[in-house]
Amino acid sequence: MARQTFWKGYLKLSLVTAAVSLTPATTESNKVRFHVLNRQTKNRVESRYVDSVTHKPVPERDQVKGYPRGEDDYVLLEDEEIEEVGLESTRTIEIDSFVPRGSIDWIWYDKPHFLAPEDKVGVEAFCVIRESMKANDVVGIARLVLYRRERAVLLEPLGKGIVLWTLRYGDEVRDPVAELDSKAEIDSKLLELMTQLVKEETKDWSPAMVQDPIQKRLKSMIRGKQKSLKKAAPAKKPAPVKSTGNVINIMDALKKSLAAEGGSKPR
């Protein structure tokens, strides 16, 4: 399956610019997903926004974002106002500094993306930027607007391409827990045995080490149920009820819908 490009723009270092595109480096397409159904009708259940006080559905045109200022007091923001906050980094990844490769702790890394040149014209500029980072053993730091927020990003050469990592915000990373007593002594014999055990259990990395056994079991269970179930004939849909503008017709429509179900007995 072709990778989905979800961002296009420019990679810039000083006066060198290349048209580039971003694709997610990870996917959840193989994850088992379920729909929520009505057990009686087997129809899908819809999720809707409702007013927390009146419990009535709220049309999309009346939905607005609000920032809490106090109890039941909000600052309202329209989508257009939020979009206007976007900076130049919405379409340009401008590298403004470099740091030694490996100097940023893993806890700051958020989501990986593959960065690639978008056209033949930008290939040379892209490759020059990539190779210059490799030669100096550094990674680039830039800013980019993704998911409606400006984020610090890290650019790391990888093979023929560049991996772009979004970095967590400073207020998202907690301080580490207090360190253990550095004066605590370790039994040398115990350390020797543990070191030997670690050595014996050391293997080459393989993606099979991080397979999800729950997903495998779910898929196996679903396949088993599919084999045991006979192919059911599609249910007949009730004939549409013409509305005359009379509220009583809602009750008539409900009665006809229940009758069309064929008087199926509840399980």
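Below are the figures for this structure:
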item	result
Odd one out for THR17, checked against (1) touching a Leu at 6+ places or on another chain (Cβ under 8 Å); (2) in a loop (DSSP other than H, G, I, E, B)	(2)
Filter pass, ASP110 being open to solvent by 80 Å² or more (accessible area, probe 1.4 Å), more than 18 Å from LEU13 (Cβ to Cβ) and under 30 Å from the mean Cα position of the chain (by Cα)	no
Filtered residue count, the stretch 12-65, keeping only those that are under 30 Å from ARG143 (Cβ atoms), in contact (Cβ under 8 Å) with a residue 24 or more places away in the chain and within 23 Å of the chain's Cα centre (by Cα)	8
Residue pairs meeting the criteria (Cβ under 7 Å; at least 6 apart or on separate chains; first free of Cβ contacts under 8 Å to residues at least 60 places away in the same chain, in the stretch 108-126; second of a type in the set (Val, Ile, Thr) and assigned to a strand (DSSP E or B))	ASP110/THR166
Residue match in the stretch 34-44 (condition: basic (Lys, Arg), closer than 30 Å to ILE214 by Cα, part of a loop (DSSP other than H, G, I, E, B) and open to solvent by 100 Å² or more (accessible area, probe 1.4 Å))	yes
2 or more residues under 16 Å from SER21 (Cβ atoms) and either of a type outside the set (Gly, Ala, Ser) or modelled with pLDDT of 90 or more (or both): qualifying strands (runs of 3 or more DSSP E) within the stretch 65-128	92-94, 109-117
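The values are calculated or read from the model by the stated rules, or taken from the named source; none is laboratory data. What you see is a predicted model; the values in this text were computed from it and never measured. Reconstructed Cβ throughout: ideal geometry from the backbone, glycine too, with neighbour counts over all protein chains shown. For the accessible areas, the whole protein counts, side chains as well, though only heavy atoms, and no ligand, DNA or RNA atoms are used. Shrake-Rupley method; radii C 1.70, N 1.55, O 1.52, S 1.80 Å.
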